[in-house]
Every structure is written in C-alpha cells, then in structure tokens.
Amino acid sequence: MQEERLNGKRGNVGSLKRDKIIAGIRDSIDLFLNKNSDKFGFCHVEEIDISGDLKSAKVFIGFIDDSSIKSKIDLLNKSSRDVFEQYSKKYHSRYFPTIKFISFNDELNI
C-alpha cells in the first residue's frame with residue numbers, strides 16, 4: 001500500500017482519504033449484505049482493491065456456502081447502485097467508484 005500514496009501526480013488521492021472511502025464502502029457493503037442475507041447467504045467482504053483515482057474498485061467477497069456463487073456475484077454486480085445508496089446515507093463524498101464484485105473463492109480456486 002506504500003506505493004499507493006500520493007506522489008504528487010494528478011489524479012491520485014491521498015492515502016488517508018482513500019482509506020476512509022474504502023472503510024465507508026466496506027461498511028456499506030456489509031450492511032447491504034446483512035440486510036439481504038436471504039439472497040446472498042453467509043458472505044463477507046474479504047478485500048477491496050481501489051484505483052488511484054477512485055473511479056473503480058474490485059470488491060472480493062468470500063462465501064461460506066459454495067452453491068451458486070456465480071449467480072450471487074451477478075446479483076451483487078446488479079445491486080451496486082443499492083450499495084451506493086447505502087453509502088450516501090452515511091457518508092458525504094464526491095468520490096464513489098464503480099464497483100465490480102468478484103468471488104474470493106474463485107480467486108483462491110476453492
């Protein structure tokens with residue numbers, strides 16, 4: 001994460017602001033997943049990878065139940081607007097990235 005710090009380059013955001021935005025996104029996704037646990041089962045945010053300009057983010061989701069992970073990820077990607085609405089209720093920021101959900105289980109080849 002050291003290389004992600006602001007290097008005086010245009011388009012990058014300082015690491016403190018970046019960390020706050022990541023924490024807000026994580027909180028919003030966790031709340032969204034808890035409210036919709038009947039659709040997604042038991043899952044949680046493993047990692048958030050966000051670009052330097054905060055325009056895009058990859059959110060790695062870990063699933064306990066391995067059944068129909070692909071359909072759950074597709075449903076999460078379609079629900080990213082709902083995550084933004086959850087985020088905007090609590091946080092005021094002009095930065096909110098386009099979110100792409102990815103199965104952490106697939107990344108580990110589980």
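The values are calculated or read from the model by the stated rules, or taken from the named source; none is laboratory data. The structure displayed is predicted, hence computed values, not measured ones. Virtual Cβ from ideal backbone geometry, glycine too; neighbours counted across all protein chains shown.
Could you look through the stretch 1-34, keep only residues that are modelled with pLDDT of 85 or more and loosely packed, with under 13 Cβ neighbours inside 10 Å, and pick out the one that is farthest from K55 (Cα to Cα)? The residue in question is N34.
Among the residues of the stretch 83-100, the ones that are of a type outside the set (S, T, Y), at pLDDT 85 or above and within 12 Å of the chain's Cα centre (by Cα) come to 5 in all. The set of residues in the stretch 64-83 being without any contact (Cβ under 8 Å) to a residue 24 or more places away in the chain, within 22 Å of G24 (Cβ to Cβ) and either of a type outside the set (G, A, S) or in contact with a helix residue (DSSP H, G or I) (Cβ under 8 Å, 6 or more places away or on another chain) (or both) consists of K78, R81.
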